[in-house]
């Protein structure tokens, strides 16, 4: 099902002139398993900012694209929904949160962020990016029924109190800085918030083709180096204990009043 969705995403990306690569566990699955990791439950792809905007703004009625993950404009994350699917454990089920109306399976789409070569600037921008990324569902996370810990609840509550107007300015500022840079480092998500690794651009582009459960998917140019940075040098060795990644417990989006939509 997810691979079929990736085929549609791949075709749509080619049709609108957007490049993408598999990242995270999906890139690892392509290298180690020739497809999704058997115990994984999603697919993750990433695009440069310009390709992301072009992709998300092109109409595709049968596969809704949810870009509400950040405020106030299309941000650093989108969900490419697969039609006629329902999740057995809807997103947000374990929290005080009502899942989105689609309620179906999806592919996560992220943006590459052109990061500063100064590590202190990278850390500051990553912290600001975290606030932008978490803010839409901060209240629901802070009041979740899950045992997430007091410190984390306080952090999420603090993020939830940031005014939307301030958040919008921060988001625009970060993307403007990223767009103007000629940096050869890429993070994933606004400020590089989705993961602690920053990749040399030649590890990513130009993308290469790789077998992915019967289709030719796009993977980072220097896939082994990309995976070694992400997972460590022993990335080809499966872990002793495996489990589902638990996306059914993930929170998708909530409004600033604390109510869920």
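Structural remarks
- If R0 equals 35 Å, the separation of the Cβ atoms of residue 233 and residue 164 corresponds to a calculated FRET efficiency of about 0.20.
- Anisotropy class of the stretch 134-249 from Cα gyration tensor, a/c 1.5 cut: oblate
- Were the residues from residue 33 through residue 205 laid out at 0.36 nm apart, the gain over their Cα-Cα distance would be 59.7 nm.
- Each label was represented as a point 7 Å from its Cα along the Cα-to-Cβ direction; for residue 117 and residue 224 these points are 2.8 nm apart.
- Protection proxy ranking of 9-22, 116-129 - average other beta-carbon atoms within 10 Å, highest first: 9-22, 116-129
- Anisotropy class of the stretch 2-240 from Cα gyration tensor, a/c 1.5 cut: rounded
- Efficiency of FRET between residue 197 and residue 148 - r from beta-carbon atoms, R0 30 angstrom, step 0.05: 0.80
Just so you know, all these numbers are worked out from the coordinates, no wet-lab data involved. Since the structure is predicted, the reported quantities are computational estimates derived from the model, not experimental observations. Every residue, glycine as well, gets a Cβ built from its backbone with ideal geometry; the counts of neighbours run over all protein chains shown.
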